Amino acid sequence: MSITQQYLIDTYRARQHGDPTPPAPGTHDWQVMRELADHRRFRAALTCRPARGRGRIRAALARLRGR
């Protein structure tokens, strides 16, 4: 069963029971990725490792563009 099919079933069941419909697949993907990065930085701080900065990808892309 695909994600879309499961979403349609969940939406149908929510309407039958009068519950609010669930968010569409992919709605909160970027928020989840940001929270994962925050969690990794938090875990690094707890283990006394240096937390890597937010700009690693941007810095790498800037280096590639500069060449």
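Carbon and sulfur: what percent of the chain's accessible surface (1.4 Å probe)?
56
Based only on Cα atoms, what mean projected area does the convex hull of the chain have, in nm²? Mind showing how you got there, number by number?
Working: hull surface 32.2 nm².
For the chain, the mean projected area of the Cα convex hull comes to 8.0 nm².
What accessible area per residue, rounded to a whole number of Å², is obtained for the chain using a probe radius of 1.4 Å?
Value returned for the chain: 97 Å² of accessible area per residue.
Using a simple charge model, +1 on the beta-carbon of Lys and Arg, -1 on the beta-carbon of Asp and Glu, nothing else, what dipole does the chain show about its Cα centre, in debye to the nearest 20?
840
Using only the alpha-carbon atoms, how far is helix 29-46 inclined from the longest principal axis of the chain? Give it as 0 to 90 degrees, nearest 10.
Compared with the principal axis, the helix lies near 50 degrees.
By average Cβ neighbour count within 10 Å, what is the ranking of 28-34, 6-12 from highest down? If you can, show how the numbers build up before the last one.
Details: 28-34: 9.7, 6-12: 12.6.
The packing order, highest mean first, is 6-12, 28-34.
Under the rule of -39500 (n - 2.57) per DSSP H run of 4 or more residues, summed and divided by the residues of the chain, what mean residue ellipticity at 222 nm is obtained, to the nearest 500 deg cm²/dmol?
Using -39500 (n - 2.57) per qualifying helix, the result is -21500 deg cm²/dmol.
The values are calculated or read from the model by the stated rules, or taken from the named source; none is laboratory data. From a predicted model like this one, the values you see are computed outputs, not experimental measurements. No Cβ is skipped: glycine too gets one built from the backbone with ideal geometry, and neighbour counts run over all protein chains shown. Ligands, DNA and RNA are excluded from the accessible area calculation, which covers all protein heavy atoms including side chains. Shrake-Rupley method; radii C 1.70, N 1.55, O 1.52, S 1.80 Å.
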